[in-house]
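What follows is a single structure, written as structure tokens, with notes after it.
The values are calculated or read from the model by the stated rules, or taken from the named source; none is laboratory data. Just so you know, these numbers come straight off a predicted model, no measurement behind them. All Cβ positions, glycine included, derive from the backbone under ideal geometry; neighbour counts span all protein chains shown. Remember, those area values only see protein heavy atoms, side chains included, never the ligands or the DNA or RNA. Shrake-Rupley method; radii C 1.70, N 1.55, O 1.52, S 1.80 Å.
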Amino acid sequence: MTLFICMKKILLVGVAALSSFMASANSIDDVNKVAFFKTMNSNVDSLSLSNISRIAPLSQVFLGAKYVGGNVGEGEQGLYDKDPLTRFDVFDCTTYVETVLAGAMSASASEFEQNLMRLRYKDGKVSFVTRNHFPSLDWFHNNRDKLLDITPDVANGGAKVAEAVIDKSAWYKHLSDDVLHCDATESSSCRSLLMTLHSEGKAFKPETAYLPYVPLSLVFQGNDRHVNQALLDRIPSGSVISMVRPNWSLKQYIGTNMNVSHQGLAIRKNGILFLRHASLTHKKVTDENFAEYFSHYPETSSLKGFNVQVLRH
């Protein structure tokens, strides 16, 4: 379950093993997995290729994959969310970003799974409670050793800071039996498990989350809202882009406010910057012109800008 709207040891998979696995592939998940690992392994051959440079080819593998929210969980051994730990056929905005980043950080399939768990869970410990559910409070904070926030540099002195009080306790109380994939009105065991899940939230206190962002007013300037190309040129291809909505009012829906609504990757092709993301609107992983994507948000929108982070070397 992903909450919002929505990393060298060289160990290569042998050609024979890869061919054998490819022959047995009988689903989109298998086919995409083979293509992803093949791309990951081929990029490892170049030791001069930085992690961030690997993001473009790895992310391209999944173009066209379907958008499905809440598509992964803690696996069959999970206490609450028993959705698969990994999927390569469908994504939401964050599981897509996590999968690509983990591939860019890895030199083998085993490394990939370890890195994906390290990105998705605090200290890599797999459980619903340790999952990085909230981007500004959990995801970025727990991945500071892997990601570097370059938002102030991109904004060139014009960055702003978005605040939001994240009330995890209230959020836990709002969780429904959809997380458990059972019907709490019909099953006593489901009702009991849901009550246990709700009680997990008692350990948390409301916290203020801060996140710097590039205001859209810096991207679109003047009465004609012309694009600030110099600013776009400061965004490295392969960056993680997070859409920022300061103190986004969601209490009545999920029990807490937030300040991040979506995530994707900045990819530059032939000198033009694109947003590559698992799009809820288009129901698939797609590329959209970066400036055009943000141009659709008026000044009155709750979306005020974006945060930019890159993989550390």
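Inspection of segment 213-229 identifies at least one residue that is surrounded by 14 or more Cβ atoms within 10 Å (Cβ to Cβ) and under 19 Å from the mean Cα position of the chain (by Cα). Reported count of residues in segment 97-124, each being assigned to a helix (DSSP H, G or I) and either in contact with a helix residue (DSSP H, G or I) (Cβ under 6 Å, 6 or more places away or on another chain) or buried (at least 19 other Cβ atoms within 10 Å of the Cβ) (or both), is 19.
Out of all the residues in segment 168-183, which are of a type in the set (D, E, K, R) and in contact with a Phe, Trp or Tyr (Cβ under 8 Å, 6 or more places away or on another chain)? Reasoning before the result, please.
Within segment 168-183, the subset of a type in the set (D, E, K, R) is 168, 173, 177-178, 183.
Within segment 168-183, just K168 meets the criteria.
Scanning segment 148-189 for residues that are open to solvent by less than 70 Å² (accessible area, probe 1.4 Å), of a type in the set (S, T, N, Q) and assigned to a helix (DSSP H, G or I) yields T151, S169.
In the set (1) under 17 Å from V31 (Cα atoms); (2) open to solvent by less than 10 Å² (accessible area, probe 1.4 Å); (3) hydroxyl-bearing (S, T, Y), T86 fails one condition alone, (2). Beta carbons closer than 8 Å, at least 6 apart along the sequence or on distinct chains, pair a first residue in segment 147-167 that is within 11 Å of L231 (Cα to Cα) with a second that is open to solvent by 70 Å² or more (accessible area, probe 1.4 Å) and of a type in the set (K, R) for D153/R234; V154/R234; N156/R234. Among the residues of segment 262-307, just one is touching a helix residue (DSSP H, G or I) at 6+ places or on another chain (Cβ under 9 Å), hydroxyl-bearing (S, T, Y) and part of a strand (DSSP E or B), namely S279.
Conditions tested, residue by residue: (1) open to solvent by 50 Å² or more (accessible area, probe 1.4 Å); (2) among the polar types (S, T, N, Q); (3) touching a strand residue (DSSP E or B) at 6+ places or on another chain (Cβ under 7 Å).
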{"residue": "I241", "(1), (2), (3)": "no, no, yes"}
{"residue": "V244", "(1), (2), (3)": "no, no, yes"}
{"residue": "Q263", "(1), (2), (3)": "no, yes, yes"}
{"residue": "A266", "(1), (2), (3)": "no, no, yes"}
{"residue": "G271", "(1), (2), (3)": "yes, no, no"}
